[in-house]
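Remarks on the structure that follows.
The values are calculated or read from the model by the stated rules, or taken from the named source; none is laboratory data. As the structure is a computational prediction, the values presented were derived from the model and not from experiment. Methodologically, a virtual Cβ is constructed for each residue, glycine included, from the backbone with ideal geometry; neighbour enumeration extends over all protein chains shown. Please note that ligands, DNA and RNA were not included when accessible areas were found on the heavy atoms of the full protein model with its side chains. Shrake-Rupley method; radii C 1.70, N 1.55, O 1.52, S 1.80 Å.
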2 protein chains.
Amino acid sequence: MAESWSFLDTFEPNFRPLVVIELAKGTKEETIEWFTKRIVDKKANGGAQLLVKPLVTENGDETIYLVGASHLRLLLGAETVGLVKECNDNSMRTFTYSSRKTFKDFADDNHNFLTMAECQYIIKHELENLRAKDEKIIPGYPQAKLYPGKSIVRRLLTSGILVQIFPLHDREELKKLRHSWYGRVKVGYQPLDEIRCYFGETIALYFGFLEYFTFALIPMAVIGIPYYVFAWEDYDKYVMFATFNLLWSTVILEVWKRICAIVTYRWGTLLMKRQFEEPRPGFHGVLGINPITGREEPVYSSIKRQIRIYLVSLPFVCLCLYFSLYVMMIYFDLEQWALDYHEENESNFSSLMLFVPSIIYAVVIEIMNRIYRYAAEFLTSWENHRLESSYQNHLILKVLVFNFLNCFASLFYIAFVLFDMKLLRQGTFDDYLELFLQFGYVSLFSCVYPLAAVFAVLNNITEIYSDALKMCRVYKRPFAEPTASIGVWQLAFETMSVISVVTNCILIGMSPQVNALFPDSKMDLILTVALVEHLLLAIKFIMAFVIPDKPRDIQIKLAKLEFESLEALKQQQMKLAAESLKE
Amino acid sequence: MAESWSFLDTFEPNFRPLVVIELAKGTKEETIEWFTKRIVDKKANGGAQLLVKPLVTENGDETIYLVGASHLRLLLGAETVGLVKECNDNSMRTFTYSSRKTFKDFADDNHNFLTMAECQYIIKHELENLRAKDEKIIPGYPQAKLYPGKSIVRRLLTSGILVQIFPLHDREELKKLRHSWYGRVKVGYQPLDEIRCYFGETIALYFGFLEYFTFALIPMAVIGIPYYVFAWEDYDKYVMFATFNLLWSTVILEVWKRICAIVTYRWGTLLMKRQFEEPRPGFHGVLGINPITGREEPVYSSIKRQIRIYLVSLPFVCLCLYFSLYVMMIYFDLEQWALDYHEENESNFSSLMLFVPSIIYAVVIEIMNRIYRYAAEFLTSWENHRLESSYQNHLILKVLVFNFLNCFASLFYIAFVLFDMKLLRQGTFDDYLELFLQFGYVSLFSCVYPLAAVFAVLNNITEIYSDALKMCRVYKRPFAEPTASIGVWQLAFETMSVISVVTNCILIGMSPQVNALFPDSKMDLILTVALVEHLLLAIKFIMAFVIPDKPRDIQIKLAKLEFESLEALKQQQMKLAAESLKE
């Protein structure tokens, strides 16, 4: 690859802008000059070897810059980020520039070999990995300190010099995507491959999960309708319904893992070894040698990280959960007080007062939620995770636990007053959070409220369309992020489905119909419920254990890759040994 | 490697016998001639290229043959079976003949580079992989059919022509091992590395686990003694003891996985990819191409295997479990009847009659156990597993479930009548089974019988010495079997520790002291117990999830190997692409 860089010219007649950089107004000339020079400078000089053009706005301000790259540069970048593409022999392989001819659909004049989302991801990666060399400060801003290995873009962002970086939309492509996605009335699956080409794997996987989840809920919804319509309240029917729901929820989560493996294998992200990549820009540490890849990069002791996670973040989260429960108790007291007041002095004022506790609680929860989210982001960032996925997982876990408690702990008391659910729907990862909470309503209390799945299905069908519309029309285009799974959400859904076994068993045990079956002994009732619960849990775990996470053919393909790479290592070793003998 | 085979000569002046082949008396001359020819024949002709010498016994019978191999042949065999050895740069790598000089302690005249156990394993592997080519029958035995790809040794064994194959002892080495293992009175660890060199990884891992397990039980034993001595029967102390035991058992099982990873990394078996090996000799199928390795070998549809496992073996095991429970019920009835009879007509005869049900039950259980084991072996063999480890795991699982039920189901009724435990100690995998049942006694009923751990520790200390003595003095030397873990036993111990949470909570809940704390409401008692149980289970699962299965440095080494092999594959790809361009 070393030679390729040398014959790479940054000049390209057809400049295709891919990414936008917005600098703060009044950014000093020398800073702009230095930054753009670093962007276009040769790799050998520590540059990103990209193309930059200023976009002169109506005001004449030069604060917006368009970034692009030559076709050759993008291909070399694809090698750097370790994209996996399909070969002519239908196997999936890590792309390298030298072996480009062996890849399917590759041609030197085929500029669509890389999807636009991939090109933008490459440019983002290259920009984020522009690292300081000898610079001690950002030129023109002596207070913005740099040290060797520090990500320049990261420092520019934290100093407020760089306002934002975002990928450009492509009107033509977007129009095509919109048409096939939600433009015409049709019954069918979403064009996941096209979504992936335009928005990247993370977004495509979200829509894939949303669609899968909706389909998977249909059997629950169909079975739930007669329970509601005929108001079946027999013990047997209830238990059957709940048991079906519990086992079904296990099955759908296991099957999703398999589908996810099939899809991400085709997209190449299943084989993409992101743990071997360069660290995320927010990661800091002293410059050292990565023990795995042997590359020079910032290193940070994992023991220090563990200490931060277990001795600081974990106690903090526990404290917040305790505090949140405490606030909830105060709310219940307040509400009781308002109720008592209303009963004693019934008037317009007192009936108005009935709403006050809920309003106060809603406001407090909202404030707590915001503060907590800010703290969680700060703590997770401070934990200094090397990989973006690991950062995301730890952040999601923190926010999830808090939201779960706030959302469902009150539910356990106040049943189905839904204001909380609406309230908690905002932030960065709302999409999965919403599905997660929905899954909670469907599975946790399925036997009390058999229509939950019906509403979930109806909601999700509209959700698919409204989310698609938002992605294409409302939101700024997000950067693609190659992923192979839905990450910690899988764990969250699985945990929820375990908890739902417990809640359903308790709810069934509490129902008057079941209580009537054990008129003499409450003890027998509880013991029976506990026995059933343990049996269901055992069946769940056995099922999760027995159903393989990846379909057999994907397993074979992965094993084949492992075998081939180990064989290649052996060959390499033998060649090296032979060479050392010759010397 | 292809060239190496051609300059390999089967002649070696110093013949060192390693493995013994015993043929049946009166085996036909032509069969012996054909078989020995296949053993010594060149690889290219489908032979094993080993050395054979007949051992003329006192009777003049030529039924015992000694098998050896030249040093070069063994090295090439080490490459074939994929042994992993330490390199000069302290990394662990798959051994190849061409890169032999890069390995630690390698020298052409160092015949100890491979341990004796490894040499014998190589010879066993080569003998078992002697496969039929054009032969339709074994010469001289028209009824012993062969087909292309069928293991010759396997057919000879099933036809009764081959009586046994076993590795030879080495008196000098054995003496040294005995001395350092149990020959002198000393306090210290067992010489695991030496045991591994002589008996292979499976045996060494068993002794390692036995020793680890004994040490791990000591804290439980130490805490248990005062409970017994002072007959502490307070609720708090009981709960503390049980809670400690439950969490401790989780910790020791997790830590064992880490220790196991450390030890087997050093031994090279952690990196040995046994799933890429040739199939076990008992595996049959039509000749085809292995989709992973691309080698020609028998292939068998995994769906067919799944069908056999889930539609035949599983129902059969369930039926046997049901039958076994049924027999137990009859036994209890019989015993009740004998007791009634004794009370009504008290005499010598009637008191003798009291023992009859137990004797009958013991005999019936013994017979059932033997039949079941035979059936389990037949079924597992019929399931046609490709890997020896997978065969073993499925067999162990079947036998385990049956023994667990027989051993503990009666215990749940008849508490601590130990005859069953002794009774069930025989068969092939007694060693782990004994520890498993012991772990059951220690963890399942820890709060009722606090001395269980003390006896387990005392028993295991003698066990280490008696097992070592048996290995060195009594048993025939077993073939080494490279393994990286204790396989399905890990799962079995973990499952036991989950079940023990349930039993301990029930036992504590049933104790009169705890009952006295809830004088008014049995319901509150049960709910409290259930709550505590769920909390303990949750803590267990979180602990198992949070403690990494491999220590950080082993994780790094494994990731490094993966990275290097993927890089090597990339390099190979690039080279191939460059070559195809030149053409």
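Structure data summary
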| read-out | value |
| --- | --- |
| Single unsatisfied condition, B:Met329 versus (1) within 30 Å of B:Leu400 (Cβ to Cβ); (2) in contact (Cβ under 8 Å) with a residue 24 or more places away in the chain | (2) |
| Condition check for B:Lys522: within 8 Å of chain A (Cβ to nearest Cβ) and surrounded by fewer than 18 Cβ atoms within 10 Å (Cβ to Cβ) | yes |
| Some residue of segment B:512-519 being in a helix (DSSP H, G or I), open to solvent by 60 Å² or more (accessible area, probe 1.4 Å) and at pLDDT 85 or above | no |
| Tally, over segment A:559-575, of residues that are within 17 Å of B:Ser99 (Cα to Cα) and more than 7 Å from chain B (Cβ to nearest Cβ) | 2 |
| A:Leu379 vs. criteria closer than 17 Å to A:Arg280 by Cβ, modelled with pLDDT of 90 or more and of a type in the set (A, V, I, L, M, F, W, C) | yes |
| Subset tally (residues that are within 14 Å of chain B (Cβ to nearest Cβ) and outside any helix (DSSP H, G or I)) for segment A:249-279 | 7 |
| Selection from segment A:249-279 of residues that are closer than 28 Å to A:Ala530 by Cβ and open to solvent by 60 Å² or more (accessible area, probe 1.4 Å) | none |
| Residue within segment B:158-169 that is closer than 30 Å to B:Asn384 by Cβ and either free of Cβ contacts under 8 Å to residues at least 24 places away in the same chain or charged (D, E, K, R) (or both) present | yes |
| Count of residues meeting criterion [at pLDDT 85 or above, under 30 Å from A:Cys320 (Cα atoms) and either among the hydroxyl-bearing types (Ser, Thr, Tyr) or open to solvent by less than 40 Å² (accessible area, probe 1.4 Å) (or both)] in segment A:337-368 | 2 |
| Filtered residue count, segment B:161-190, keeping only those that are open to solvent by 40 Å² or more (accessible area, probe 1.4 Å) and either more than 19 Å from B:His125 (Cα to Cα) or assigned to a helix (DSSP H, G or I) (or both) | 15 |
| Check on A:Glu481, surrounded by 15 or more Cβ atoms within 10 Å (Cβ to Cβ), under 27 Å from A:Ile252 (Cα atoms), away from chain B (no Cβ under 12 Å) and of a type in the set (Asp, Glu) | yes |
| Number of the condition not met by B:His534 [criteria: (1) open to solvent by 60 Å² or more (accessible area, probe 1.4 Å); (2) without any contact (Cβ under 8 Å) to a residue 12 or more places away in the chain; (3) facing chain A (nearest Cβ under 9 Å)] | (1) |
| Given (1) more than 8 Å from chain A (Cβ to nearest Cβ); (2) in contact with a helix residue (DSSP H, G or I) (Cβ under 8 Å, 6 or more places away or on another chain); (3) closer than 25 Å to A:Ala538 by Cβ, number of the condition B:Leu517 does not satisfy | (3) |
| Single match in B:Val488, B:Val501, B:Val454 (criterion: in contact (Cβ under 8 Å) with a residue 40 or more places away in the chain, surrounded by 14 or more Cβ atoms within 10 Å (Cβ to Cβ), of a type in the set (A, V, I, L, M, F, W, C) and closer than 30 Å to A:Thr503 by Cα) | B:Val501 |
| Pairs where the first residue, in segment B:183-196, is over 12 Å from B:Ile464 (Cβ atoms) and the second is at pLDDT 90 or above and assigned to a loop (DSSP other than H, G, I, E, B), C-beta under 9 Å, 6+ apart | B:Arg196/B:Thr115 |
| Qualifying residue in segment A:547-558 (condition: more than 8 Å from chain B (Cβ to nearest Cβ), within 27 Å of B:Lys560 (Cβ to Cβ), at pLDDT 85 or above and open to solvent by less than 30 Å² (accessible area, probe 1.4 Å)) | yes |
| Checklist (1) of a type outside the set (A, V, I, L, M); (2) away from chain A (no Cβ under 14 Å); (3) surrounded by 13 or more Cβ atoms within 10 Å (Cβ to Cβ); (4) under 21 Å from B:Phe378 (Cβ atoms) applied to B:Tyr300, failing item | (2) |
| Among (1) within 14 Å of another protein chain (Cβ to nearest Cβ); (2) closer than 23 Å to B:Glu297 by Cβ; (3) of a type in the set (S, T, N, Q); (4) surrounded by fewer than 19 Cβ atoms within 10 Å (Cβ to Cβ), the one test that B:Thr158 misses | (1) |
| Residues of segment A:197-220 satisfying the condition of being in contact (Cβ under 8 Å) with a residue 60 or more places away in the chain and either assigned to a loop (DSSP other than H, G, I, E, B) or aromatic (Phe, Trp, Tyr) (or both) | A:Tyr198, A:Phe199, A:Gly200, A:Tyr206, A:Phe207, A:Phe209, A:Phe213 |
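To keep it simple, each residue is scored yes or no on (1) touching a Phe, Trp or Tyr at 6+ places or on another chain (Cβ under 9 Å); (2) of a type in the set (Val, Ile, Thr); (3) outside any helix (DSSP H, G or I); (4) open to solvent by 70 Å² or more (accessible area, probe 1.4 Å).
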position: B:Val222; (1), (2), (3), (4): no, yes, no, yes
position: B:Pro226; (1), (2), (3), (4): yes, no, no, no
position: B:Met240; (1), (2), (3), (4): no, no, no, yes
position: B:Leu247; (1), (2), (3), (4): no, no, no, no
position: B:Pro281; (1), (2), (3), (4): no, no, yes, no
position: B:Leu287; (1), (2), (3), (4): yes, no, yes, yes
position: B:Ile292; (1), (2), (3), (4): yes, yes, yes, no
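This table checks each residue for (1) open to solvent by 10 Å² or more (accessible area, probe 1.4 Å); (2) among the basic types (Lys, Arg).
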site: B:Lys43; (1), (2): yes, yes
site: B:Leu50; (1), (2): no, no
site: B:Lys53; (1), (2): yes, yes
site: B:Val67; (1), (2): no, no
site: B:Leu76; (1), (2): no, no
site: B:Thr80; (1), (2): yes, no
site: B:Thr94; (1), (2): yes, no
site: B:Tyr97; (1), (2): yes, no
site: B:Phe103; (1), (2): no, no
